[in-house]
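Read-outs: derived from the displayed coordinates by stated rules, not from any lab. Just so it is clear, the structure is predicted and the values come from calculations on it, not from any experiment. Here the Cβ is made from the backbone with ideal geometry for all residues, glycine too, and neighbour counts use every protein chain on show.
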Amino acid sequence: METIGSIPKTACPNTVAWCLRTACVARLLPLLLLLSLPAVVQAQFTFTTNNGAITITGYTGSGGVVVIPSATNGYPVTSIGNSAFVNCINLTSVTIPDSVTNIGSVFPPGGAFHGCINLTSVTMGNGVTSIGGGAFSHCSSLTNITIPNSVTSIGGNAFSYCSSLTSVSIPNSAINIGQYSFNWCTSLTNVTIGNSVTSIGDYTFYSCTNLTAITVDESNSVYSSEDGVLFDKSQTTLIQYPGGKADSYTVPNSVISIGHWAFSGCTSLTNVTIPNSVTSIRYWAFSYCTSLISVTIPNSVTNIEFDVFSHCTSLTNVTIGNSVTSIGDWAFDFCASLTAITVDTNNPAYSSLAGVLFNKSQTTLIAYPGDYAGSYTVPNSVTSFGVGVFADCTSLTNVTIGNSVTNIGGYAFLQCSSLTSVYFQGNAPSLGSAVFYGDNNATVYYLPGTTNWGTTFGGLPTVLWNPQAQTSDASFGVRTNQFGFNITGTTNIPIVIEACADLASPVWVPLQSCTLSNGSVYFSDPKWTNYPGRFYRLRSP
């Protein structure tokens, strides 16, 4: 009996061709399904199958215009995986079908389309419900994006650093906008937020320097907007001030709290008026407002959190009202132009002395204005320094620290690039982290008889500061009508010689600044005859 494969020919009611179809149907069907898709599609993508659904995991094509298929191998394409197209720099356009519900989130080295720097156009299907974290981050050529009404969640960093993106409309379907979603979208001018959004993450629009308006649907139950500024529904919390908005702003009287990062990175903001309704200013609220010149904290404010005015490089003066009882670390760090911090005398928790911020009893030094003075002597009442007290005080050249100081907080002298000398009058205090980080030209000086000093302190070299006037050798006395004496001590230590005429009411006048080259120097006073009596002393610069 003749057979085709294992099927007897006599079993075929019609033709051999029919028998071929019957015998090979299991092998032919997958082949026919494969051939139903363009061959190029199979070559461009790698994918996985799970529970009858396809996830695109990688792209191997040459870029240009890419259309993602709605199905392959007989299964629907429902997801674009983490990092599937990451850094595909030749990709210019992508179309995502309605079958896709999820666009992958951040996964090293990035989200699904992270770093596609030449991607200009994205057509997103109506089935997408989730845009993952970092999905389109650093797509710097992307000029516009239409988010379909199916989307309920936009992950953190989803469109961050899309520097060509000009406008965004968050659909009514969206519920969650993750943190950093649109930060550093420097061309973004306006944002519209739909009526269903109930969660907007931190720093969502940070450093969007051309953003002038955020508009919220009036029927939204959680958020609202007024004059392009984002608030909570009751407008008691100011959430986000657009980075490219007008130079001057008056906070509405309804506001109780200025939210964290609310004005951060608003580089055009020169002046802000804070009303007496505000009680709290949250962390980083005005950080990096590089054009902000002056700030008055009203008497209603009780809490200023950490880093509130950090990196406000044009800020010259700050006035703090009488009710502030909490100021966070780094509140005024890297304010290089700040010359004075003034505290209301009735404030129960804080005080200021000559523009420097202290606690009320002046036992803790909290903040030193960045451009206050080149030389500073810490008051004898101070026992400790707060965190980052002198950070980025680029005008500070030397500081004298009294013998009562027992603790110096972390980063206290961070990047004080002009600092050359730190003079300690007491024993070595305890140090926080990186106290002298970046102070590459500074030296620590300590006095004889003090303890716990080594060859370095906080990473800086230490030198014994021990100048002495020699009153018993031949140098002491009148020489060629000038009074003088030798000064000896550690080689190359800096000193200042001062004089006064009356110890009962001393007014010390600097006469000479010098270093002890080779460990000694001769000092002479040509004006000694102008005084019936004159007293001299040696001090650090």
- Item | Efficiency of FRET between Ser361 and Thr319 - r from beta-carbon atoms, R0 25 angstrom, step 0.05 | 0.75
- Message: If I take all pairs of Cα atoms in region 204-293, what percentage of them are more than 15 Å from each other?
- Response: 54 percent
- Helix axis angle, 16-35 relative to the chain longest principal axis, alpha carbon, degrees: 20 degrees
- Query: Sorted by mean Cβ packing within 10 Å, highest first, what order do the peptides 412-419, 287-294 take?
  - Reply: 412-419, 287-294
- Item | Neighbour net charge for Tyr283 - beta-carbon separation under 12 angstrom, K R +1, D E -1 | -3
- When the helix-only estimate is applied to the chain (DSSP H runs of n ≥ 4, each -39,500 (n - 2.57), divided by the residue count), what is the mean residue ellipticity at 222 nm, nearest 500 deg cm²/dmol? -1500 deg cm²/dmol
- Mind giving me the FRET efficiency for Ala469 and Val509? R0 is 22 Å, r the Cβ-Cβ distance, nearest 0.05 is fine. 0.85
- Message: For region 331-401, what are Rg and Dmax over the alpha carbons, in angstrom?
- Response: 11.3, 33
- Message: Taking a ≥ b ≥ c as the square roots of the Cα gyration tensor eigenvalues, with a/c under 1.5 meaning rounded and otherwise prolate when a/b beats b/c, else oblate, which class fits region 243-378?
- Response: oblate
- Note on the structure: Relative contact order in percent for the chain (Cα pairs under 8 Å, 6+ apart) equals 4 percent
- Query: In region 347-386, which residues have a backbone nitrogen under 16 Å from the label point lying 7 Å from Ser404's Cα in the Cα-to-Cβ direction?
  - Reply: 351-354, 357-366, 377-386
- Would you mind putting 330-338, 390-398, 252-260 in packing order, based on average other-beta-carbon counts within 10 Å, highest first? 330-338, 390-398, 252-260
- Item | Hydrodynamic radius of region 196-239 per Kirkwood, over alpha carbon pairs, in Å | 10.9 Å
- Item | Linear extension gain, Tyr522 paired with Asn253, 0.36 nm per residue minus alpha-carbon span | 90.1 nm
- Query: Over what distance in Å are the Cα centres of region 393-422 and region 156-179 separated?
  - Reply: 44 Å
- How large is the dipole of the chain about the Cα centre if only Lys and Arg carry +1 and Asp and Glu carry -1, each at its Cβ, rounded to the nearest 20 debye? 780 debye
- Item | Mean Cβ count within 10 Å, highest first, over the residues of peptides 263-274, 525-536, 48-59 | 263-274, 48-59, 525-536
- Cα principal axis extents for the chain, largest first, Å: 140, 58, 33
- Item | Whether region 468-539 is rounded, prolate or oblate, judged on the alpha carbon gyration tensor where a/c under 1.5 counts as rounded | oblate
- Thr192 neighbourhood, Cβ < 13 Å, K/R = +1, D/E = -1, net charge -2
- Query: Using alpha carbon coordinates only, what is the Rg to Rh ratio of region 115-264, with Rh defined as the Kirkwood radius?
  - Reply: 0.96
- Rounded to whole angstrom, the alpha-carbon centroid of region 239-312 lies from that of region 451-494 at a distance of 51 Å
- Item | Gain upon complete extension [Ser219, Asn144; 0.36 nm per residue less C-alpha separation] | 24.4 nm
- Query: At each listed q (0.10 Å⁻¹), what is the log10 of I(q)/I(0) that the Debye formula gives for region 41-224 modelled as equal alpha-carbon point scatterers?
  - Reply: -0.36
- Against the 2.2 N^0.38 Å rule of thumb, the C-alpha Rg of region 254-307 sits at a ratio of 1.04
